[in-house]
Amino acid sequence: MVTCVIIALLVPTTLHGQSASDKLAGPSSTRAQLASDSLSKHRWSDWKASLKNRTGLDFGFDLIALGLVATESVGQNTAATGVVRLFAEWELTGRGTKNTGSLIGKVDYRHRLGKVPVKSFAGELGYAGVIGATYSDQRLRLTHLFWNQNFAQGRGAIYVGWLDVTDYVDAYALASPWQGFTNLQFQTGSGTIGGLPDSSLGLAAGYFFNNNVYISGGIVDANGNARNPLAGFKTYFGERETFKSLEVGWTTGPKARFFNSAHVTFWQQDARTEEGTSSGYGLSFHLSYVLGGHWLPFLRGGWADAGDAIYETAFSGGFGYSQDPSKGLLGLGLGWSRPNEDTYGTELEDQVTFEAFWMLELAKGIELTPNFQYIINPSLNSEAGSTVLFGLRGRAAF
């Protein structure tokens, strides 16, 4: 999606399209990933385009690796994870119309490279937060598999099946963990939304009332298990512990939703008996707007009352910048957070987090992203006033 972000930064807002229900799905969604990767022409790109035209099937896969090293820690000071992803969309009904119906899915294989996977690295640092939330050691998993039905001439969409809530909750252009920021402070909910389950059985929907105002929301199983998705039938209909969200937003046009936008997201999560987490609720907000054709400043934040959220309160701001799509994208973010006492069991001191990344497209479909993070006062490490992280992410898309 970074390529799409770059292009959008360079396109005047008046040229953005004015009707597209697919823009209810965020930058890290399967549909968005397929769209961005199609901009890089490979030897088999023409064959894939022909297959899509003939059958409605579009697919892709990529290889991703992320490694980090820290100057201060309470345990290991390095972490690395490799990921292989296969994702596809098969348009089965309504082809040639705006009210299409598609089957969308994504399967991942996530594995640690070394002693610690990136998702667990925050604990090694004594940092109350999550770095690289998608870079775990879960091995083979189903991230999502659902039916996407568009309606009202493309102004609305309904998703039913196993969903990843980060596809549609509090999304914006730089939030993709695969190609944007890696720290949850600058991603979905700014760390103030609890749970954020993926591969969760449920449904979601979104609708544009006009070209500027939209609403979206959903209800999914709070106990979604990507390693065992069929268990969702038991937990969703039996335990009835759910995650619910409702988002109301404004944008200059549906295709500009993740760039020129303002939205407020409300969420609620039930107590999870087996996990031992309490029920909770909260809200988050987002503001961003393209300036000068190259700059994408943003302001984000949120508040939570329990509900397994990492932070009780958090605010962040920053920008994305691109001068030349062939050279990549620069992103900088600065955030403040107050850890959630209900989650950590005790009152912790506030933290300040800075992150910068520079995505470089080395060749068609080949990306390299140096990453730098500076964490001031990691709340779970009283011995360190700060820690610095140096990281490198690579991605090859096909």
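Calculate the radius of gyration of the Cα atoms of the stretch 94-147 to one decimal place, then report Dmax, the largest Cα-Cα distance, as a whole number, both in Å.
Computed over the Cα atoms of the stretch 94-147, radius of gyration and Dmax are 17.2, 53 Å.
Give me the distance between the Cα centres of the stretch 79-141 and the stretch 319-398, rounded to whole Å.
A separation of 18 Å, based on Cα centres.
Work through the residues other than residue 135 whose Cβ is under 10 Å from its Cβ and net out their charges, Lys, Arg +1 and Asp, Glu -1.
+3
For a quick check: with amide H placed at 1.01 Å from N, whose amide H comes under 5 Å from residue 134's, ignoring anything fewer than 5 positions away on the same chain?
none
Which residue, 382, 29, 199, tops the fluctuation ranking in a GNM of the chain built on C-alpha contacts under 10 Å?
Comparing 382, 29, 199 in a Gaussian network model of the chain, the most mobile one is 382.
Just to confirm, what accessible area per residue do you get for the chain at 1.4 Å probe, in whole Å²?
40
From the helices alone, meaning DSSP H stretches of at least four residues, give me the mean residue ellipticity at 222 nm for the chain, per-run term -39500 (n - 2.57), in deg cm²/dmol to the nearest 500.
About -2500 deg cm²/dmol.
Please provide three numbers in whole Å: the alpha-carbon extents of the stretch 160-219 along the principal axes, with the largest listed first.
Computed over the Cα atoms, the extents are 32, 29, 21 Å.
Based on DSSP loop calls and a cut-off of at most 10 other Cβ atoms within 10 Å, the longest stretch of the chain free of exposed trypsin sites (Lys or Arg not before Pro) is what?
It works out to 44-239.
Convert 37 °C to kelvin, take the viscosity as 0.692 mPa s, use the Kirkwood radius over C-alpha pairs of the stretch 271-398 as Rh, and evaluate the Stokes-Einstein diffusion coefficient in µm²/s, rounded to a whole number.
193
With mean projected area of the Cα convex hull in nm² in mind, check [x] 20.9; [y] 25.0; [z] 17.4 and report the label derived from this structure.
[z]
Which number gives the lysine pairs in the chain that have C-alpha atoms under 21 Å apart and are eight or more places apart or on different chains?
For the chain, the number of qualifying lysine pairs is 17.
Give, as a single signed number, the net charge of other residues whose beta carbon lies under 11 Å from the beta carbon of residue 126, with Lys and Arg counted +1 and Asp and Glu -1.
Counting the neighbours of residue 126, the net charge comes to -3.
The values are calculated or read from the model by the stated rules, or taken from the named source; none is laboratory data. The structure displayed is predicted, hence computed values, not measured ones. Ideal geometry is used to build each Cβ from the backbone, glycine not excepted, and the neighbour counts take in all protein chains shown. In case anyone asks, the SASA skips ligands and DNA or RNA and just uses the protein heavy atoms, side chains included. Shrake-Rupley method; radii C 1.70, N 1.55, O 1.52, S 1.80 Å.
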